[in-house]
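Shown next, in structure tokens, is the structure this report addresses.
The values are calculated or read from the model by the stated rules, or taken from the named source; none is laboratory data. Please read these numbers as outputs of a predicted model, since none were measured by experiment. In this analysis, Cβ positions are derived from the backbone assuming ideal geometry, glycine residues included, and neighbour counts consider all displayed protein chains. Keep in mind that these areas ignore ligands, DNA and RNA; they rest on the heavy atoms of the full protein, side chains included. Shrake-Rupley method; radii C 1.70, N 1.55, O 1.52, S 1.80 Å.
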Amino acid sequence: MIKAGFAYWGPLLYFTRISDKDVKTLLKNCKKDIKFDARKKLAGIIKDEYNFNFHVYQQVIAKYIPDFLKAWQMYYNQKINKIEITNCWVNYMKAGESNPNHVHTECDLSSVLYLKIPKGLKKENEQYIGTSRGPGVVNFTYGDVRPYNTIEHSFMPEVGQFFIFPFNLEHSVNSFKSKGERISLATNFQIVK
């Protein structure tokens, strides 16, 4: 059974978890190949970002999309019959790298799926002292700061976590110091009418 939820605020921020088997399949297909360098079209301050085979992604992720479509209909009272991938890429984030606040373009929806998290990242975040959400966190922000207004949802990524959200929902990733790579797949979709 798929466990899923969404944040109550302006846009639909849908999240669920994919199976370990599906994570392994996607990881097996991730490749660092300079021929597929994706950095010129991306906002990240990340050395290794590569286009990913969206046919493989589509095959793996297809079983999770119907639940998202139900959540969309419930949240917006509007039905979507189908979404199609417009592009997909893999981020290999390492210590000191980050992804500044940004939105995606030339699509209707965006997503991020976490495939690997550095072992020390959770502990590093727990030991953080400061006012932000801390190292390695993904932040989603919407709206203006004012009393009784939720403008941010932040998550410490976990392997298999999968988020889908409108293309114009601002999001960012804080840098971290832990050794290892934080591997995520980012994908854009268009709504097929």
- [ ] Considering each residue of the range 16-53, count those that are within 23 Å of residue 69 (Cα to Cα), buried (at least 18 other Cβ atoms within 10 Å of the Cβ) and either of a type in the set (Asp, Glu) or modelled with pLDDT under 95 (or both), and give that number.
- [x] 1
Open item on the list: Return the residues of the range 54-90 that are under 16 Å from residue 110 (Cα atoms), open to solvent by 40 Å² or more (accessible area, probe 1.4 Å) and either among the β-branched types (Val, Ile, Thr) or outside any helix (DSSP H, G or I) (or both); say none if nothing qualifies.
Closed with: 82, 84, 86, 87
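Residues checked against (1) over 30 Å from residue 72 (Cα atoms); (2) modelled with pLDDT of 95 or more; (3) touching a Pro at 6+ places or on another chain (Cβ under 7 Å):
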| residue | (1), (2), (3) |
| --- | --- |
| 127 | yes, no, no |
| 146 | no, no, no |
| 150 | no, no, no |
| 153 | no, no, no |
| 160 | no, yes, no |
| 163 | no, yes, no |
| 174 | no, no, yes |
- [ ] Among the numbered conditions (1) touching a residue at least 12 places away in the same chain (Cβ under 8 Å); (2) surrounded by fewer than 18 Cβ atoms within 10 Å (Cβ to Cβ); (3) farther than 16 Å from residue 26 by Cβ, tell me where residue 144 comes up short.
- [x] (1)
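Results for (1) surrounded by 17 or more Cβ atoms within 10 Å (Cβ to Cβ); (2) more than 26 Å from residue 84 (Cα to Cα), shown as yes or no for each residue.
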site: 149; (1), (2): no, yes
site: 154; (1), (2): no, yes
site: 161; (1), (2): yes, no
site: 176; (1), (2): yes, yes
site: 179; (1), (2): no, yes
site: 183; (1), (2): yes, no
site: 188; (1), (2): yes, no
site: 192; (1), (2): no, no
Open item on the list: Given the criterion open to solvent by less than 60 Å² (accessible area, probe 1.4 Å), within 23 Å of residue 3 (Cα to Cα) and touching a residue at least 12 places away in the same chain (Cβ under 8 Å), identify the matching residue among 166, 118, 100, 135.
Closed with: 166
- [ ] Assess whether residue 136 counts as being modelled with pLDDT under 95 and under 22 Å from residue 185 (Cβ atoms).
- [x] yes
Open item on the list: Looking at the structure I just gave you, is residue 57 in contact with a Gly (Cβ under 9 Å, 6 or more places away or on another chain) and of a type in the set (Ser, Thr, Tyr)?
Closed with: no
TODO: May I ask you to list pairs of residues, at least six apart or on different chains, whose Cβ atoms are under 6 Å apart, with the first in the range 54-83 being closer than 12 Å to residue 14 by Cβ and the second being open to solvent by 30 Å² or more (accessible area, probe 1.4 Å) and among the aromatic types (Phe, Trp, Tyr)?
DONE: 71/6
Open item on the list: Against the definition (among the acidic types (Asp, Glu), under 19 Å from the mean Cα position of the chain (by Cα) and more than 12 Å from residue 169 (Cβ to Cβ)), how does residue 106 come out, yes or no?
Closed with: yes
